Amino acid sequence: TLPRHFLGLLALPWAVLCLPPARELLTARSPTGYDRRGACRLLDLDGLSAFVGRLRPILRSRRVRSELSASDLARLDGALLTAEDYLRANPRAAKEETDRRRDAADALITSVIRPGHPLHPAFFPDRALLHRHQARALAAGERPATRAARAAAKYGVLWQPDASQPSCRLCSKPFTLLRRRHHCRSCGQVVCDSCSTGRRPVPGSPTPKRVCDNCVRARNSLNGPGFSPAATGARPQKDGYMEL
């Protein structure tokens, strides 16, 4: 029995590392920090808290407040305030829920600050760099290699790959055989059919194309610049959506 106990002791450190909290804290896979009580915690650098912390100073800047319309500014402020209130009320919220809320806030901001917007590099420096690279490649006559790259070149947006999004960016419902993926031609995000009932003229197409509900709201539906209800054949709804 002695060799068996000895082997069991040798396996104990590995057993501890198999526990998710211990594995994350004791290995170098995830950065850690300390909360206000001095307890060691994981730092979710791409989570909701980091997302809000990065965008709040940007949204408070004088340039952003002078260049964004009052309605867009109110929507973005409201999204960040909602996220901050949720984090204060739920300091130990599950990562799945915080990631869902982060994606919803990111989808809203993406629909307002699209490629070509003067504030796009300030909000999304990495996406702005990718968009400039795609534009230069297209100007040089290079044919986009992937379907996402071709769509991005056609509509002038950052086209989100299908495989990168298992659920709708707006309602967070998972995609299934019945709930299919669709792309908003205005912001390039992957959404479900229920969250993209609107149709509007977009660059790169002579006919109105599918747009997500966030983009419809961002363009003030009837009164937004470049939006023509007559051209879409859509009818306005009370909540500002346009439906065919």
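The values are calculated or read from the model by the stated rules, or taken from the named source; none is laboratory data. Note that the coordinates shown come from a computational prediction; the quantities given were computed from them, not determined experimentally. Backbone-built Cβ (ideal geometry, glycine too); neighbour counts: all protein chains shown. The protein model used for the area step is the full one, side chains on, heavy atoms only, and it has no ligands, DNA or RNA in it. Shrake-Rupley method; radii C 1.70, N 1.55, O 1.52, S 1.80 Å.
Are there any trypsin sites (Lys or Arg not before Pro) in the range 165-197 that are in a DSSP loop and have at most 10 other Cβ atoms within 10 Å? List them by number. Counting only loop positions with at most 10 other Cβ atoms within 10 Å, the trypsin sites (Lys or Arg not before Pro) in the range 165-197 are R180. Along the range 107-114 the Karplus relation, 6.51 cos²θ - 1.76 cosθ + 1.60 evaluated at θ = phi - 60°, assigns HN-Hα couplings of 5, 5, 5, 4, 6, 8, 9, 8 Hz to successive residues, with x for each Gly and Pro. Computed from backbone phi with θ = phi - 60° and the Karplus coefficients 6.51, -1.76 and 1.60, the 3J(HN,Hα) list for the range 48-63 is 5, 4, 5, 4, 5, x, 6, 8, 4, x, 5, 5, 8, 5, 5, 5 Hz; x is used for glycine and proline.
For the range 59-205, take N as its residue count and report Rg(C-alpha) divided by 2.2 N^0.38 Å.
Values: Rg = 16.5 Å, N = 147, 2.2 N^0.38 = 14.7 Å.
For the range 59-205, the normalised Cα radius of gyration comes out at 1.13.
R147 contributes an accessible area of around 140 Å² to the protein surface, as traced by a 1.4 Å probe with all chains present. In this simple spin-label approximation, R60 and S164 carry label points 7 Å from Cα along the Cα→Cβ vector, and these lie 3.0 nm apart.
Loop-located trypsin sites (Lys or Arg not before Pro) across the range 192-221 with a Cβ neighbour count of 13 or fewer within 10 Å are lacking, with loop assigned by DSSP. With every protein chain in place and a 1.4 angstrom probe, the accessible-area ranking of S71, S186, largest first, reads S71, S186. Heads up, I need the accessible area for V64: 1.4 angstrom probe, whole protein in place, Å², nearest 10. Roughly 0 Å² of V64 is accessible to a 1.4 Å probe.
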